[in-house]
1. So for the chain, taking the charge dipole from beta-carbon charges (+1 Lys/Arg, -1 Asp/Glu), which of PRO52, LEU319, ILE210 sits furthest toward the positive end?
2. Using only the Cα atoms of the stretch 107-150, build the gyration tensor, take square roots of its eigenvalues as a ≥ b ≥ c, and label the shape rounded, prolate or oblate: rounded if a/c is under 1.5, else prolate if a/b is larger than b/c, else oblate.
3. If you count only protein heavy atoms with a 1.4 Å probe, what accessible area per residue comes out for the stretch 338-383, rounded to a whole Å²?
4. Charges at C-beta only: +1 for Lys and Arg, -1 for Asp and Glu. How large is the resulting dipole of the stretch 133-217 about its Cα centre, in Debye rounded to 20?
5. How much area per residue is accessible in the stretch 50-152 when the probe is 1.4 Å and only protein heavy atoms are counted (Å²)?
6. Search the structure for amide H atoms under 5 Å from the amide H of GLN184, placed 1.01 Å from N in the peptide plane, and list their residues when 5 or more places away or on another chain.
7. Per-residue HN-Hα couplings for the stretch 64-77, Karplus 6.51 cos²θ - 1.76 cosθ + 1.60 at θ = phi - 60°, whole Hz, x for Gly and Pro?
8. Could you please state, rounded to a whole Å, how far the C-alpha centre of the stretch 160-190 is from the C-alpha centre of the stretch 74-109?
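The values are calculated or read from the model by the stated rules, or taken from the named source; none is laboratory data. Please read these numbers as outputs of a predicted model, since none were measured by experiment. Cβ atoms come from the backbone with ideal geometry, glycine included; neighbour counts cover every protein chain shown. With ligands, DNA and RNA removed, areas are computed over all heavy atoms of the protein, side chains included. Shrake-Rupley method; radii C 1.70, N 1.55, O 1.52, S 1.80 Å.
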Amino acid sequence: MEEENKGIEELIEELQSYIRELKFGQIKEILVEMNPADLAILLGEVSDEDLPILFRILPKELAAETFVEMDGDEQELLISAFSDRELWEVMDMMHVDDAVDVIEEMPAGVVKRILRHTDPETRKSINEILRYPKDSAGSIMTTEYVDLKKHMTVSEAFDRIRRIGCDKETIYNCYVTDENRRLQGLVTVKELFLENYNETIENIMETNVIYTNTLDDQEDVARMFDKYGFMAIPVVDNEKRLVGIVTFDDAMDVIREENTEDFSKMAAITPSDETYLKTPVWVHAKNRIMWLLFLMLSATITGSIIEHYESAFQAIPLLVAFVPMLMGTGGNCGSQSSTMIIRGLALGEIRFKDFFRVIYKELRIAVIVGILLAVANTIRIYIMYPGENPLFLALITGISLIGTVILAKCMGCVLPMLAKKCGLDPALMAAPVLSTILDTCSVTIFFNVAVWIISIY
């Protein structure tokens with residue numbers, strides 16, 4: 001990574017020297033050889049003054065592809081520097097779904113200027129996508145696809161692909177529709193190549209087409225790509241009319257965004273759309289403070305429980321040394337289970353109908369893990385506290401460990417599944433929220449067991 005950063009810095013210095021010397025031909029030779037994604041990274045590192053200069057040197061098609069890959073701040077800076085003609089040229093070269101992604105990141109004033117410089121058909125398609133709910137299949141689809149009719153011959157299909165394909169997101173999958181745009185079938189370019197030119201589409205198309213609805217959750221659509229290995233999935237409305245397609249690259253964006261959101265929630269941080277370095281310090285603090293405040297106040301319950309069992313401390317002061325171990329073990333066990341369950345829910349491997357099967361499995365795991373930890377802890381006590389009635393301590397901590405592990409494992413699987421059933425994100429039930437709950441439970445178990453055994457002795 002350091003070598004990569006060093007290479008970018010050296011390349012930026014070289015480009016800056018060419019700019020000062022007005023050697024734009026050399027700059028173009030360097031930039032046109034780069035991939036749009038790499039170009040976006042490079043342009044993100046240059047100064048605000050040099051960015052418009054370097055961008056204007058790019059050929060139109062490469063410029064549009066690079067613009068899509070750039071961050072929102074750089075896109076806004078370029079739009080402000082563009083003339084009306086330059087803005088029109090960039091927007092004209094972009095696919096509709098990419099244009100929608102750009103528009104969603106821009107302030108209202110910039111959006112108006114963008115829409116003003118798009119052709120009526122593109123503007124209509126953009127507005128159509130924007131009206132769908134934020135996390136729906138309709139919001140990530142593109143309306144640029146190749147449609148065919150079943151009465152066409154293979155030769156006619158190729159003629160249509162050549163005529164309209166250059167403006168489409170993908171031409172590999174072609175969708176067969178009727179006069180009312182209802183989806184009837186699917187045919188790939190590979191199948192067309194292998195067929196006789198006089199063969200009709202109706203005889204070679206796949207009629208059992210897997211599709212999604214415009215209002216389906218985008219995360220469910222992304223899972224379909226993983227399940228079926230598709231390059232694109234058609235999107236239909238409630239009357240099964242084809243309105244767009246979701247392509248593989250859009251599904252990858254959804255998976256990345258959902259994973260980032262889940263990681264944030266699992267760390268008790270409010271998700272943010274901005275990158276770490278571009279998010280202001282105050283926003284970082286705001287996204288974290290509410291969760292930390294909630295967790296801190298929740299932890300006071302644990303303190304109250306410890307105060308309530310002060311008599312047990314007075315009887316055996318050494319008990320306090322085992323509290324951190326029990327609390328840590330409970331949190332770790334719960335986090336292990338919740339992580340596995342959240343992953344299973346995200347991948348569709350676990351459903352709510354598996355509720356009791358999951359609990360039964362985690363219960364058996366908990367018994368095995370709890371007994372093994374109790375045995376290991378007993379050995380530790382005999383080694384570290386030989387003169388402190390080790391059998392007495394081992395009994396209290398061993399029973400508490402087994403009870404804590406069983407409770408932690410069960411809660412770690414139950415809470416995410418209940419959250420999913422209630423329409424909440426299961427990631428909310430991961431550490432540290434789960435750990436805070438289990439801290440209270442483990443301390444309660446520990447001191448109740450201690451009081452019970454002390455009363456027996």
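1. Ranked along the dipole, the leading option is LEU319.
2. Cα axes put the stretch 107-150 in the oblate bin.
3. 67
4. I would put it at about 180 debye.
5. Accessible area per residue, the stretch 50-152: 46 Å².
6. The answer is VAL176, THR177, ASP178.
7. My calculation for the stretch 64-77 gives 5, 5, 5, 4, 4, 7, 7, 6, x, 5, 5, 4, 5, 4 Hz in order.
8. Their Cα centres are 27 Å away from one another.
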